[in-house]
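Data block below; observations after.
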Amino acid sequence: MRKLPSAPGAGRMRLRHILPILHIIAILLPQGAGAECGGDTLRHAGGGGPAAVERARAAVDSLLDRIGWQKSTRADTAYITRTPGRLRLKLTLNGSGSDIDTRWSIGGESFRSRLKAQNKYTTSITASYRGLSLSVAFNPAKLSGRNKDYELNLNAYGNRFGADLILQSTKTYEGSVSTPAGGEAAVAAGGVSQDMITASAYYVFSGRRFSFPAAFTQSWIQRRSHGSFMLGVSFIGGRIKTEAPDVIGSSVSRLTIVSVGVGAGYAHNWVVKRRWLLHISTLPQFIVFSRNRLTAGGSETKMPYRFPNMNVMGRIAVVRHFGRYFAGINAVVNTSDIGDRGRLSVSNLKWRARVFVGVSI
């Protein structure tokens, strides 16, 4: 194996234990793929393994070109350019969490519950080809049975359009309920559960000069600083169920949530010394449609509403490039606030953070 090129700088020294591993994977992956694809299927097709792999890759490239998947011709290459090398390998440490904050009033007295789910941590290996990604994640807490929550994150980031989809089933909420007299009652894990679908999409006005993928998938490189206004739409649907005393105003109750929000925001990429990328964006949205129902004591009532109810999405990222290697951190935060704080309101916070190191080949 050839020795990795060295470069000065403390950031490179901190990565020196991880980069050789990625370098070995980068060298072996094409060989492993060729050997695996060189079995009966490709031999029956009438070609050798390497030639058949090349034909398959050419077919995928042709298909992606025809549908315009991340076309470079639409970009101002003075500001953004596609990452050299079509295949990227990335090792990632993922963390995520969720909070529920509920306020309500009964007989002129105010109550509040604060609940927090058990944080989830996974390690994943991702292979990306021209923006299409396949990831395998490992969760030690899930395998050992210490965490029974389920979560699926699907993300598609493009220069012009992008979307996030989160499927969440959480049963580890715990916290406390505060009373007007100043006392607190504990809420044990298992007393509150949440099943939720959150979907959001964005449209970037200046997609020729500003790149979301540069900050979140590293399939593009931001060469000069630039920002853009954007539009967004979101959907939240699901339910919160509790058997704990007075978590959402009743000892045994279920809150069903359906809402749609639209809004506008701003995103900016700062390029520092050509190798650093700093990203920040916010996308507040007003809820324009909602159907929220509270079921308690066998009866269903409409959840109170007072303008404005809102969904807000925020993103931050820091990326550092080392030639064909890269490393960084990013985070996405979703918040929603529905109801009427004078009667009954529910605030939900969902966050996801990633620390990663990768190579482009």
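The values are calculated or read from the model by the stated rules, or taken from the named source; none is laboratory data. Since the model is a prediction, treat every value here as computed from it, not as a measurement. A quick note on method: Cβ atoms are made from the backbone with ideal geometry, for glycine too, and the neighbour counts reach across all protein chains shown. These area figures cover heavy atoms from the full protein model, side chains too; ligands, DNA and RNA do not enter into them. Shrake-Rupley method; radii C 1.70, N 1.55, O 1.52, S 1.80 Å.
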State the Kirkwood hydrodynamic radius of segment 156-315 in Å, one decimal place, computed from all pairs of distinct Cα atoms. 18.2
Note down the accessible area of Ile166, probe 1.4 Å, to the nearest 10 Å². 10
Lys and Arg at +1, Asp and Glu at -1: neighbours of Ala163 with Cβ under 15 Å from its Cβ sum to +2
What nm distance separates the two modelled labels at Thr123 and Arg74, each placed 7 Å from Cα along Cα→Cβ? 3.8
On alpha carbon coordinates alone, what is the Rg over Rh value for segment 87-129, Rh being the Kirkwood radius? 1.41
So if I take the centroid of the Cα atoms in segment 333-361 and the same for segment 77-139, what is the distance between those two points in Å? 9
Using a 1.4 angstrom probe on heavy atoms only, work out the carbon and sulfur share of the accessible area of segment 239-361 in %. 60
Full-extension gain in nm, Leu349 to Thr282, via 0.36 nm per residue minus C-alpha separation: 22.6 nm
By accessible area (1.4 Å), largest first, Ser105, Ser128 order as Ser105, Ser128
If you take all C-alpha pairs in segment 293-361, what percent of them are over 16 Å apart? 66
With r defined as the distance between the Cβ atoms of Ser169 and Glu300 and R0 fixed at 22 Å, what FRET efficiency is calculated, to the nearest 0.05? 0.45
Once both label points are put 7 Å beyond Cα along the C-beta direction, the Tyr150-Leu134 separation in nm becomes 2.4
Order by accessible surface, 1.4 Å probe, largest leading, for residues Asp337, Asp149 comes to Asp337, Asp149
Within the set Lys120/Lys302; Lys116/Lys241; Lys120/Lys273; Lys90/Lys116, which residue pairs have Cα atoms separated by over 23 Å? Lys120/Lys302; Lys120/Lys273; Lys90/Lys116
Between Ala199 and Phe235, how many nm apart are label points set 7 Å from Cα along the C-beta direction? 0.3
Probe 1.4 Å, all protein chains in place: accessible area of Met310 in Å², nearest 10? 50
Lys and Arg at +1, Asp and Glu at -1: add these up for the other residues within a Cβ distance under 14 Å of Arg306 and post the number. +2
Sort Trp104, Trp270 by accessible area with a 1.4 Å probe, largest first. Trp270, Trp104
